[in-house]
Structures are given as C-alpha cells and as structure tokens.
Protein chains: 2
Amino acid sequence: MADICGRADGRFVMAGDSPGRTTYRVVQTEILRRITGGPWGPGTLLPTEEDLAQQFGCARATINRALREIDELGLIDRRRKSGTRVRLAPVRQARFEIPLVRAEVEATGAAYRYSLVHREMPDAPDWLRARLNLAPGAVALHLICMHFADGAPYQLEDRWINITALPQAEDHDFDLQGPNEWLIATVPFSEVEISFEATAAGVAEVTHLNHRSGDPVFHVKRTTWWQGAAITHVGLSYRAGHRMTARY
Amino acid sequence: MADICGRADGRFVMAGDSPGRTTYRVVQTEILRRITGGPWGPGTLLPTEEDLAQQFGCARATINRALREIDELGLIDRRRKSGTRVRLAPVRQARFEIPLVRAEVEATGAAYRYSLVHREMPDAPDWLRARLNLAPGAVALHLICMHFADGAPYQLEDRWINITALPQAEDHDFDLQGPNEWLIATVPFSEVEISFEATAAGVAEVTHLNHRSGDPVFHVKRTTWWQGAAITHVGLSYRAGHRMTARY
DNA sequence: AACATCGTTATGTCTATACATAAGGACCTT
DNA sequence: AAGGTCCTTATGTATAGACATAACGATGTT
C-alpha cells in the first residue's frame, strides 16, 4: 500500500501510489488506523476538515469524502460547528446479502433443483388478509415449493401471492421456475420486510425436509410491497443446521 | 417534496426546495422513480452523467454522487466506457443494527436487568482453542450471564474471553455490568463474525430461559477480533418467540 | 435566572475544470 | 478467424472556490 510518512511538522506525505490507491482511500485508511488503534480513541475530537486537508496536503472535498464514508460505517459523529468526534460506542451494523435460493445453493457447488409441490387458489385466510391488506373474501394464489441441493431437500417455500395486485400470476406456470425468480423479473424493485426466527417443525417440514416433529427450524418470513401495494408473503423453512453468517 | 417538472425539450426544472432538499437528493429521487416505476426498467442503459447533468441543469459531480449512492443500493451497474445500466435483478441486501441487549430491551419500554450466573477460568476446550486460535493449555475466562426484560428472562449469554489477549478481563468485576458493555468500552473497534441459527434448547436454556428441553431457540454466535487477535466468543440464546426484523 | 438575538464556525453541498483509468470498438496484422 | 494496437468514451477522482446551514456560545434583554 501507499506509505504515509509522518514528519516533524505534522504534515504527511503520500508516497508509492500503487494502482487502486486513490487519495481519499489513503486518507481514509490512515484516519481509520488512528481511530481504531492509534491516538484518536473514543471521544476524541478530530481536527477540522480544513486542518486535515492541510496536514494530508489535499483538498477539503477529499477529506470530506473520506470522513463521510467513515461516518456511514458508524465510527464517528459529525456535527456542524461542533466538528467530528469519535463515537464512544460505534454503531454496530451487519449487512446480509439476500440471494436467490438458486444462487445460494449453487454457491456451495451443489446442483440446484426446483419442484412445485402444491398449487391452489383459496379464499385468503384472515392472517394473510391482515398482512397483505386484502379485501374481505379476496382469493390468493397459494404455492408450496421445494428447493433441492444435490438432490437433498434444502428449503421449503410456502408462498402467497396477491392476485388482485398481480393478476398475471394466475396464468403463469410455476412448474419449472420458482415463484421468486418470476417475481423478481416481474416486480424487480420492491420494498421488503424480512424477519428471522426459530420455529418448531410442523407437518410440512416433517414431510418435505425430513425434520422430526418439533425439531428447531431456521425460518424466514418475507413480505413484499410494490408502490405501496402488498404483492406477496412467503415463509421459508431451511433444512437442519442452516446458518446465516455475516462479518462487520 | 420539491417538484420536478418535465418540459417538452426534455430538460427538468427543480422547484420548491423545501428544507433538507439538496440537488443531489432531488436528482436521486427522480432517477430512482424512473428506475423503480418509470421508463427505465431492468436492463436500460441510462444517459451519460454529462447528459443527465444537462437535463437536470446541474454539475456532473452532482449526478455522479446521486448515481454512486444508487449504485451502493445495488440497483445499477456502472462501468467505465460502457455507462450505467439498470440491473436485471437488483442485489438485495438487508442491514441489521446490532444493538446492546440493554438497548434492545429498553427500546421495547421494558426495564432491563443484568445478572452474572457463573464465572470460572478453566482450560480452554478444544473447539474454543480452534476458534480463538489459542495456544495448547491456554486458560480462558468463561462467563454465563442473564439479561432480563421487566423481570422475565430475555437472553442467555455464554461468553468466553481470551485472557492472553485481554488480561485486564481477569481482574474486572462482571457482577454489575455485562461483559459486552465492558468489552465495547475496552475494545471499541473490533472485527466481528456473527451467525444466526435455530438450535434445540439444552440444559442451560431450560434452566435459565424456561424453555422445555428440545424447544427451538433463536441462537446467535459471535466471534470478535481486534488487530488480528481473537478477543472473545459468545453464544446468545433468546427467549421463546424472538425475531429479528429488517426492511430494505 | 431565564430567555431571545446574533455572530462565528465546522460541516454540507455545489460548481467548473482537469486529469486518470477501464474498457469497447475499429483497425491492422498474422 | 485470431490476436494485437490504438483511439475514443464514460466513469472515477481531485481541485479551488463558493455559498448554505446547523448549532455553539456570547451578548443583551426581561
């Protein structure tokens, strides 16, 4: 990496700019180093952007960008007039990528297979009507699907689709393609609420995922809106031992 | 919000700038609107930054910032020379804030209480030595703690601390303050790996969380490093019915 | 002491301009 | 057809300079 050389007068010199090493990144790295391991512990008031620009020998806009991104990480607190302060307790946040099941399976090197287990279009049950804000007596498309990894059950999908908002779904054939992939192609930019919990295996999980009744199941519920209208609600049950992992 | 008025010549006029409405935000909102509901569906090649700057009547740097942030959302794909394209399938990502248990409990309006259940300093078991990269025969500080919400069990914490890396931990009194809060104050800027899973209630969960044996438990495992050295590993078991929720 | 006013200051944003850099495409060679 | 060279183009970054805006703190008023 580009070296940063401290000098007696407090100025810094950036040297050896290897490819990919932009000024704001070098500055950012150095500031992060000072915060996380160096002289700028929690609570420290940083020099002003102008001072830092002087010290690093760059424009204030460059310092501003470096600090803005560190702010987005949750490590510092920036306020007009008061200046930039290192947070006492950094705001911890984890980012999870939510992949398609297909991608999730194929990323492990396993072969992916999909199958539609069940399809019907009953009156929407009360809990679903409440969740998707459906009219009384509305019908909804109910799909149960299985996703396999190398032939073994991987995920059970229990999906409801709002036919009023998405009438095309009624005529679509979900035998070959999972509803998720179709939905993403049809309604690409939706709002999502997702939640994770541990549930006990019921009849469906016992039948399709080879769980024993009452076994712990990693379960995801997801509701999707588009332009204010609820489109679909899905429950995903994973095979035994499933984990979600992230770093931050 | 500030209105954007389309004109016959394709130019746009920004009007009615209410407070907080900056140019790049207005531009961003309008571009997002065109992508998510308007003419720029998946696969569309957007005009160049220069063209957009012309159309919106602002500088290219402003367009650049708006597009850069949309890129970070995972909605577009930007490439030099090729230009900016709307992703066929947006990259879905959820952000979870990882709060302190105390904050988590108090956010629900409940009163928080902490208690130390158990403290010892045995030889580190093999699985822990592997995880924290400890020397053979190393000892580790083992703490079991409970977190209560309005007097009811909320979370069981089973923590191991690397005494070699953090010798202060041995002398600290964890009777009043949870190890998490102490660690955050002591080692504020650490790297973390976190994972979620569904496990079956064991003896500890039955004893402290009132689960029945084998009940599903929402379980979190977290390992923390600082400057390359593993500091601590913790397992968190939640009371029945716990959920983690996010929107994106 | 409580409160309103106002100047100062550090960050927030915007602009015009410049140069850097990745990469598509045309052209030429083998 | 396959491969290499060079030109062109759109994004990526950096800059100086300017004005906007939130908010601390001092000053004056009730």
accessible surface per residue for chain A, probe 1.4 Å, DNA/RNA/ligands not counted, whole Å² -> 50
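Under the 0.36 nm per residue contour assumption, what length would be gained going from the current alpha-carbon distance of B:ARG78 and B:ASN133 to full extension?
15.7 nm
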With -39,500 (n - 2.57) per DSSP H segment of 4 or more residues and division by the full residue count of chain A, the 222 nm estimate, nearest 500 deg cm²/dmol, is -7500 deg cm²/dmol
One finds the C-alpha centres of the stretch A:24-72 and the stretch B:172-193 to be spaced, in Å, by 26
Semi-axes (Å, rounded, descending) of the ellipsoid equivalent to the stretch B:143-215 per its C-alpha gyration tensor are 26, 15, 12
Here the Cα Rg-to-2.2 N^0.38 Å ratio for chain B is 1.44
Chain B, Gaussian network, Cα under 10 Å: of B:PRO188, B:PRO39, B:PRO153, the residue fluctuating most is B:PRO39
With the label set 7 Å along Cα→Cβ, B:LYS81 is separated from its counterparts in the other copies, in nm and shortest first, by 5.1
Between the modelled labels at B:ASP51 and A:SER195 (7 Å from Cα along Cα→Cβ) the distance in nm is 4.5
Here the correct list, in nm and shortest first, of distances from B:VAL206 to the same site in the other copies, label points 7 Å along Cα→Cβ, is 2.2
Taking the label point 7 Å from Cα along the Cα-Cβ vector, the copy-to-copy distances for B:GLY43, listed from shortest in nm with one decimal, are 5.9
Among A:THR207, A:GLN54, A:PHE96, the residue whose Cα sits farthest towards the positive end of the charge dipole of the protein assembly as shown, when +1 is placed on the Cβ of each Lys and Arg and -1 on the Cβ of each Asp and Glu, is A:GLN54
Carbon and sulfur atoms account, in whole percent of the 1.4 Å probe accessible area of the protein assembly as shown, for 49
Rounded to two decimals, the Debye log10 I(q)/I(0) of the stretch A:51-98 (Cα scatterers, no solvent) at q = 0.18 Å⁻¹ is -0.64
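Output the Kirkwood hydrodynamic radius of the stretch A:26-132, Cα pairs only, in Å rounded to one decimal.
Hydrodynamic radius (Kirkwood, Cα only) of the stretch A:26-132 equals 18.3 Å.
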For B:ILE163, the accessible surface traced by a 1.4 Å probe with all protein chains present amounts, in square angstrom to the nearest 10, to 20
As a Kirkwood estimate from alpha-carbon pairs, the protein assembly as shown has a hydrodynamic radius in angstrom of 26.3
Expressed in angstrom and ordered largest first, the alpha-carbon extents of the stretch B:101-238 along the principal axes are 39, 31, 25
For A:ARG92, the residues 5 or more places away or on another chain with a placed amide H closer than 5 Å to its own amide H are B:ILE98
Taking R0 as 35 Å and r as the Cβ-Cβ distance between B:THR22 and A:ALA111, the FRET efficiency 1/(1 + (r/R0)^6), rounded to the nearest 0.05, comes to 0.10
Per residue, the convex hull enclosing the Cα atoms of the stretch A:88-160 spans a volume in Å³ of 136
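For the stretch B:189-248, what D do you get in µm² per second when you plug the Kirkwood radius from alpha-carbon pairs into Stokes-Einstein at 10 °C and 1.306 mPa s?
Calculated translational D: 123 µm²/s.
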Percent relative contact order for chain B, counting Cα pairs under 8 Å at least six residues apart, stands at 13
Magnitude of the Cβ-charge dipole (Lys and Arg +1, Asp and Glu -1) of the protein assembly as shown about the Cα centre, nearest 20 debye, reported as 1420
Sorted by accessible surface (1.4 Å probe, heavy atoms of the protein chains only), largest first, B:SER82, A:SER190 come out as B:SER82, A:SER190
With a 1.4 Å probe and ligands and nucleic acids left out, the total accessible area lost when B pairs with A, in Å² to the nearest 100, equals 4700
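The values are calculated or read from the model by the stated rules, or taken from the named source; none is laboratory data. Keep in mind it's a predicted model, so treat the numbers as computed, not measured. No Cβ is skipped: glycine too gets one built from the backbone with ideal geometry, and neighbour counts run over all protein chains shown. Surface accessibility is based on the protein's heavy atoms, side chains included, excluding ligands, DNA and RNA. Shrake-Rupley method; radii C 1.70, N 1.55, O 1.52, S 1.80 Å.
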